[in-house]
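In what follows, a single structure is set out as structure tokens and then discussed.
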Amino acid sequence: MSIELIPGRCEGHAVCEAIAPEVFRVDDDGMVQLVAGGDHEEATALAAVRSCPVAALRATS
């Protein structure tokens with residue numbers, strides 16, 4: 001699975017970071033960033049993607 005950030009959609013709610021901090025970080029500007037090389041369970045990452053209130057993340061196979 002690969003995770004994509006959809007430019008311009010993130011509003012910095014940090015729900016993804018709360019669910020999967022090993023995958024997502026909200027930077028000082030309030031924008032989500034993917035953690036490079038983050039070890040994670042696919043189910044947890046997918047739950048974080050689905051939880052985004054503004055659909056700023058997309059999971060692809």
Note to self: Can you give me the angle between helix 42-51 and the longest principal axis of the chain, using Cα atoms only, in degrees from 0 to 90, rounded to the nearest 10?
What the structure shows: 30 degrees
Next item on the list: For n ≥ 4 DSSP H runs only, could you compute -39500 (n - 2.57) per run for the chain, divide by its residues and tell me the 222 nm figure to the nearest 500?
Entry: -6500 deg cm²/dmol
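For the chain, what is the charge dipole size about the Cα centre, in debye to the nearest 20, if Lys and Arg each add +1 at the Cβ and Asp and Glu each add -1 at the Cβ?
260 debye
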Next item on the list: Consider just the alpha-carbon atoms of the chain and return their Rg together with their Dmax, both in angstrom.
Entry: 10.2, 30
Note to self: Using a probe radius of 1.4 Å on heavy atoms only, what accessible surface per residue do you get for the chain? Whole Å² is fine.
What the structure shows: 63 Å²
Check: Residue by residue through region 17-22, which ³J(HN,Hα) values in whole Hz follow from phi under the Karplus form 6.51 cos²θ - 1.76 cosθ + 1.60 (θ = phi - 60°), with glycine and proline marked x?
Finding: 5, 5, 7, 9, x, 7
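The values are calculated or read from the model by the stated rules, or taken from the named source; none is laboratory data. Quick caveat: nothing in here was measured; it's all calculated off a predicted structure. Here the Cβ is made from the backbone with ideal geometry for all residues, glycine too, and neighbour counts use every protein chain on show. With ligands, DNA and RNA removed, areas are computed over all heavy atoms of the protein, side chains included. Shrake-Rupley method; radii C 1.70, N 1.55, O 1.52, S 1.80 Å.
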